[in-house]
Amino acid sequence: MTSARGLRAKPSASVTEISDEEFALFQALICREAGIYLGPTKKPMLVSRLMRRVNALKLPSFGDYYRHVIRGGPPGKNGAPTGRDGGNELVHLLDAICTNETWIADAAAGRRPRRVSIWSAAASTGEEPFSLAMVLLDALPGWEIRVVATDLSSRVLERARAATWPIEKSGDIPAAYLKRFMLRGTGAQGGKMKAGQELRNVVAFERLNLNLEDWPLDAGERFDAVFCRNVLMYFEPRCRERVLRRILERMTPQGHLFLGDAEGLTGFAGLKLVAPSVHTFKANAADARAAAAAAPGAKGAG
């Protein structure tokens with residue numbers, strides 16, 4: 001593998017970069033609508049969060065996406081449209097930002113020590129944990145960062161540990177992240193890219209069956225955020241409640257739990273929805289653990 005400094009995505013129609021002017025537009029919109037300030041160093045994060053949506057809509061630039069978001073909404077202060085035309089695209093935008101930025105912003109504000117521990121509970125072939133590592137390393141320089149990646153399948157974990165993907169996937173990664181974090185393959189590895197050492201140093205892999213009692217995780221470790229998307233939906237209700245209770249026991253107070261769109265936990269006391277139309281929950285660990293223990297079917301389940 002060569003240095004990441006030489007890695008560039010193959011030419012394509014995908015939009016992967018944002019201008020300073022376009023970034024300023026989104027800065028103002030996101031601050032106005034969600035109260036979240038994105039500093040200049042968050043440009044790569046914004047690109048990574050919005051890039052797929054921009055390309056899915058076949059828009060030629062982030063400026064065109066901005067105009068798509070605000071088009072048709074009623075005027076706000078100074079006559080500027082707000083995008084509240086049913087909220088569909090504005091909601092997509094805020095979901096993309098809030099699901100990652102809010103807990104990073106909380107940590108960076110000094111609420112917690114300069115250490116962040118994240119658990120990707122369904123890591124598959126590694127895209128999620130390594131993406132999380134990129135965002136954290138970029139947003140929290142100098143912090144101690146740990147990303148634990150688990151999955152039931154030994155086969156996919158083997159691929160994840162290799163941290164190697166087809167070069168075509170580089171189009172999904174912001175240019176600044178490609179340059180800093182990824183290596184381009186040469187020779188027998190031509191046509192591939194690999195996560196650089198900085199990323200591999202912070203991501204640890206373990207095979208884990210969520211349904212079993214014996215989890216190969218440090219019993220004393222508590223996670224600031226747990227990503228368990230599109231997993232709980234496959235468990236029967238009693239088992240799902242037991243697994244959820246055990247996940248909450250591994251979270252810090254005010255930790256964040258990220259679930260998939262089809263995994264609503266409506267009415268589950270102790271969990272608070274913190275992003276619009278996305279199953280992202282903010283958990284007060286003590287309250288949530290107590291609620292999980294009292295949930296129907298919880299008695300004797302664990």
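Quick notes on this one:
- Count of residues meeting criterion [touching a helix residue (DSSP H, G or I) at 6+ places or on another chain (Cβ under 8 Å) and either in a strand (DSSP E or B) or surrounded by fewer than 13 Cβ atoms within 10 Å (Cβ to Cβ) (or both)] in segment 208-258: 13
- Among the residues examined, A162 qualifies as of a type outside the set (K, R) and closer than 29 Å to S14 by Cβ.
- When segment 123-158 is filtered for residues that are out of contact with any Leu (no Cβ under 8 Å at 6 or more places or on another chain) and over 20 Å from N230 (Cα atoms), the ones remaining, listed by number, are V135, L136, D138, A139, L140, P141, G142, E144, R146, E158.
- From the list A288, A225, A293, the one residue that fits, being within 30 Å of L93 (Cα to Cα) and either of a type in the set (V, I, T) or at pLDDT below 85 (or both), is A288.
- Leading residue by the ranking (surrounded by the most Cβ atoms within 10 Å (Cβ to Cβ)) among those in segment 151-188 that are in a strand (DSSP E or B) and in contact (Cβ under 8 Å) with a residue 60 or more places away in the chain: M182
- Verdict on D106 being among the charged types (D, E, K, R), modelled with pLDDT under 85, over 20 Å from W165 (Cα atoms) and not in a strand (DSSP E or B): yes
- Search result, residues across segment 116-131 that are surrounded by fewer than 24 Cβ atoms within 10 Å (Cβ to Cβ) and either free of Cβ contacts under 8 Å to residues at least 60 places away in the same chain or under 20 Å from M51 (Cα atoms) (or both): S124, T125, E127, E128, S131
- Any chance T99 is hydroxyl-bearing (S, T, Y), in a helix (DSSP H, G or I) and at pLDDT below 85: yes
The values are calculated or read from the model by the stated rules, or taken from the named source; none is laboratory data. Because the structure is predicted, anything quoted here is derived from the model rather than measured. Cβ sites come from the backbone with ideal geometry, for glycine too, and all protein chains shown count toward neighbours.
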